[in-house]
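Notes follow once the structure below has been shown.
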Amino acid sequence: MPVYKAPVNDTLFVLNNVLGIDRYHNLPGFEDATPDMIEAIVSEAAKLAEEQLFPVNLSGDQEGCTRHDDATVTVPKGFKEAYDAYCQGGWLGLAVPAEYGGQGLPYTLHSAVGEYMSSANMALMMYPGLTQGAIAAILVHGSEEQKATYLPKMVEGTWSGTMNLTEPHCGTDLGLLRTKAVPNGDGSYKISGQKIFISAGEHSMTDNIIHLVLARIEGAPEGTKGISLFIVPKFMVGEDGSVGARNGVTCGAIEHKMGIHGNATCVMNYDEATGYLIGAENKGLAAMFVMMNEARLGVGLQGLSIAEIAYQNAANYARERIQGRSLSGVKAPDKKADPIIVHPDIRRSLLTIKAFTEAGRAFTLWTALQSDIAHRSGDEKEKQLADDLLGLMTPILKGVLTDKGFDHAVMAQQVYGGHGYIEEWGMSQYVRDARIAMIYEGANGIQALDLVGRKLGLNGGRAVMALFNEIGAFCEENREDEKMVVYTKGLKKGLNDLQASTMWFMQNAMAKPDNAGAGSTDYMHLFGLVVLGYMWAKMAKSANEALAAGTGDADFYQNKLLTGRFYMERIMPETALRKTRIEAGADTMMEMAAEAF
Ligand SMILES: Cc1cc2nc3c(=O)[nH]c(=O)nc-3n(C[C@H](O)[C@H](O)[C@H](O)COP(=O)(O)OP(=O)(O)OC[C@H]3O[C@@H](n4cnc5c(N)ncnc54)[C@H](O)[C@@H]3O)c2cc1C
């Protein structure tokens, strides 16, 4: 049976030592986030994840969701109780403004605890996760009346939310969508059409479900310019906020899928359902993007979460499983064989995952901090820089953490040998669950295109230049520090490859766009390697400082430095390979005729 222990110490190291979160006490919501308060919150979250969400993870995977003949959907046993515990603890509204029932705490803290929750039970956490995305969209684009009607119930978790974009013929290319909206004449609309793959589309854990639905108002332009966003409640909501008659939206089926079995993935049929426009007519994509950007950070976090729990179990297994003898002489003479953790190849796997999860955690929290600064700072310059970095990092965080999250779940499964393939050990579930994060919220190929095609050149490349300068300045400032040489040297080399590849795109992709498309996934990963390397260099600096000050657990900091060295020696060099691939351009891959594939 798998186990889970939330990495509280590591989170606190990133928040306090690396990010120095107390420096931001002047931002709204941060004044309450003192180190003691932060420790209390993450420890409480760890308890909830370990004791209430995790125990129903494996059983939830085995049982899955059931759709009944009356179109209702039952979630696995124990999910409702765990969901209620999560909501009653106030976790759903941790970072939502207090006026709507939230706690107004930093989004950074929300991300920190979100990692634990998704490690413990990714399928279950998607129910409140979708609600959080819907809350974000209503907060930014909803009218005052809509905010007052929907937000308090959604923040307390008695109503949940969904996002409805996908249709059978329309996934990535939302311009193809056909769901239509016909004005009723009283400000509301009749929504008709079919949406597929809708996560948390139907279930009975909440009193109401607030669907956010993309549709085309009759007569609106073709393509993405004619798309609007609507609120479609499962049950109509009275003026006093009471839940009334059933609206014309039903779950037609649930998908039988590879993983996240505890989350109901629904076909949703809209049959003249009453909907309310949110935001402006034909500006639905902009409104939905608020939700999608929030969700992309959440999905990136899922990649990290699954890699973390898979790693913890693989490390435990490697300490216990005995097979073969160490190449450098017997290590466990009292046993018939040594534990497999003595074998370099097993250590290679474990350290590769560890180097990824620890840097991934820092990357996630650093990006979340940019979001807080962008939304809460009063200093325009600081705000703009943070917003630039957030926009640039979003596709990298989503694409890299989920691609690597899956790879590392597989790597952890490999540590178990054949036992990793057997369901009761839990590793198979992690591999299956991690896979979807690479696909939804914009498949990772689309994240890479967003990075290369949109984010790089935005505002004349302002964001990317700012980041290159920041990383370059860090390397320069620490050049003389011999304890930092291994980290800054590796980082500088990676940065050089990234800058050269960026230049290559500027020179070769404008005239020949296929060059951009052909190199985009490699570029996204090259960027990810450098950003994770930057996180390692920052963590190494903080670890060295703590060791010099003689504060805290010296072993923790020594291991941190060792893992960072492993990253620089064994993972960072991949930047050269990525650069070579990018510079190969598109010619070979575009030459072959479609029939020849
Ligand atoms: C379990 C699950 C849950 C989901 N939850 C939700 C949900 O809650 N709400 C919702 O609205 N949707 C949801 N989805 C849908 C999901 O977001 C889509 O599946 C995804 O966006 C891809 O769309 P598609 O499947 O139609 O693939 P397609 O768009 O057909 O893409 C197929 C492949 O082609 C690539 N591709 C497409 N266009 C381009 C291009 N221009 N350039 C390069 N490559 C391209 C893609 O990267 C992909 O690899 C869910 C899906 C699943 C499986």
Quiz item: Based on the Cα gyration tensor of the stretch 346-474, what are the three equivalent ellipsoid semi-axes, each the root of five times an eigenvalue, rounded to whole Å and given largest first?
Solution: 34, 16, 13
Exercise. Return the distance in nm (one decimal) between the two label points of a simple spin-label model at residue 549 and residue 479, each offset 7 Å from Cα along Cα→Cβ.
Key: 2.8 nm
Practice problem: Would you mind estimating how fast the stretch 437-494 diffuses translationally, via Stokes-Einstein at 37 °C and 0.692 mPa s with the Kirkwood radius over Cα pairs, in µm²/s? | Solution: 241 µm²/s
Exercise. Would you mind pulling out the separation of the Cα centroids of the stretch 88-142 and the stretch 217-257, in Å?
Key: 22 Å
Quiz item: So what is the relative contact order of the stretch 95-151, in percent, for Cα pairs below 8 Å that sit 6 or more residues apart?
Solution: 25 percent
Quiz item: In percent, how large is the relative contact order of the chain, given Cα pairs closer than 8 Å and 6 or more residues apart?
Solution: 13 percent
Quiz item: At a Förster distance of 22 Å, what's the computed FRET efficiency of residue 88 paired with residue 204, Cβ-Cβ distance as r, to 0.05?
Solution: 0.80
Self-check item: the stretch 519-545 and the stretch 461-496: distance between their alpha carbon centers, rounded to Å
Solution: 10 Å
Exercise. Report, in degrees rounded to the nearest 10, the 0 to 90 angle that the Cα long axis of helix 554-566 makes with the longest principal axis of the chain.
Key: 90 degrees
Self-check item: Helical mean residue ellipticity (222 nm; -39500 (n - 2.57) per DSSP H run of 4+; nearest 500) of the chain
Solution: -18000 deg cm²/dmol
Quiz item: With axes computed from alpha carbons, what is the tilt in degrees of helix 574-583 against the longest principal axis of the chain, rounded to the nearest 10 within 0 to 90?
Solution: 60 degrees
Practice problem: Can you grab the distance from the C-alpha centre of the stretch 406-445 to the C-alpha centre of the stretch 1-62, Å, no decimals? | Solution: 24 Å
Practice problem: For residue 222 and residue 239, compute 0.36 nm times the residue count separating them, minus their Cα-Cα distance, and round to one decimal in nm. | Solution: 2.6 nm
Self-check item: With every protein chain in place, the chain: carbon and sulfur % of accessible area (1.4 Å)
Solution: 53 percent
Practice problem: Could you work out the relative contact order of the stretch 248-369, using alpha carbon pairs under 8 angstrom and six or more residues apart, expressed as a whole percent? | Solution: 17 percent
Practice problem: Report, in degrees rounded to the nearest 10, the 0 to 90 angle that the Cα long axis of helix 344-376 makes with the longest principal axis of the chain. | Solution: 50 degrees
Quiz prompt | At R0 = 25 Å, FRET efficiency that the Cβ-Cβ distance of residue 3 and residue 335 yields, to 0.05 | solution = 0.65
Quiz item: If one computes P(r) from the Cα atoms of the chain, what percent of pairs lie at distances over 43 Å?
Solution: 20 percent
Quiz item: Solvent-accessible area per residue for the stretch 274-321 at a 1.4 Å probe radius, Å²?
Solution: 32 Å²
Quiz item: Taking a threshold of 32 Å on the Cα-Cα distance, which of the pairs 147/381; 331/560; 234/383; 77/180 fall above it?
Solution: 234/383; 77/180
Quiz item: According to the Cα gyration tensor, what semi-axes, each the square root of 5 times an eigenvalue, does the equivalent ellipsoid of the stretch 403-479 have, listed from largest to smallest in whole Å?
Solution: 37, 19, 7
Quiz prompt | the stretch 184-256: equivalent-ellipsoid semi-axes (sqrt of 5 x gyration tensor eigenvalues, Cα, Å) | solution = 23, 19, 9
Self-check item: For the stretch 478-518, average projected area of the Cα convex hull in nm²
Solution: 3.3 nm²
Quiz prompt | More than 18 angstrom apart: percent of Cα pairs within the stretch 478-597 | solution = 58 percent
Quiz prompt | Packing-based order for 558-566, 184-192, 288-296, using average beta carbon neighbours within 10 Å, highest first | solution = 288-296, 558-566, 184-192
Practice problem: With 23 Å as the limit, write out which pairs from 354/404; 257/283; 512/579; 404/455; 455/483; 5/489 have Cα-Cα distances beyond it, or answer none. | Solution: 257/283; 455/483; 5/489
Quiz prompt | Cβ crowding within 10 Å averaged over residues, with 574-580, 236-242, 212-218 ranked highest first | solution = 212-218, 574-580, 236-242
Practice problem: Using only the C-alpha atoms of the stretch 434-537, find the volume of their convex hull and express it per residue in Å³. | Solution: 104 Å³
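Under the Kirkwood approximation for Rh and a Cα-based Rg, what ratio Rg/Rh is obtained for the stretch 115-233?
On the way: Rg = 15.0 Å, Rh = 15.2 Å.
Using only Cα positions, Rg/Rh for the stretch 115-233 is 0.99.
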Practice problem: Over every pair of different alpha-carbon atoms in the stretch 21-87, take the mean of 1/r and invert it; report that Kirkwood radius in Å. | Solution: 14.7 Å
Exercise. Would you calculate the separation in nanometres between label points at residue 422 and residue 347, each defined as 7 Å from the Cα along the Cα-to-beta-carbon direction?
Key: 2.9 nm
Quiz item: Of the listed peptides 368-380, 329-341, what is their order by residue-averaged count of other C-beta atoms within 10 Å, with the highest listed first?
Solution: 368-380, 329-341
Quiz item: Could you give the nm distance between label points at residue 25 and residue 597, where each point is 7 Å from its Cα heading toward the beta carbon?
Solution: 5.7 nm
Quiz item: Using the Cβ atoms and a cut-off under 14 Å, what net charge is assigned to the surroundings of residue 31, where Lys and Arg are +1 and Asp and Glu are -1?
Solution: -2
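The values are calculated or read from the model by the stated rules, or taken from the named source; none is laboratory data. This is a predicted model, so every value here is computed, not measured. All Cβ positions, even for glycine, are placed from backbone atoms using ideal geometry, and neighbour counts span all protein chains on display. Only protein heavy atoms, including side chains, enter the accessible area calculation; ligands, DNA and RNA are left aside. Shrake-Rupley method; radii C 1.70, N 1.55, O 1.52, S 1.80 Å.
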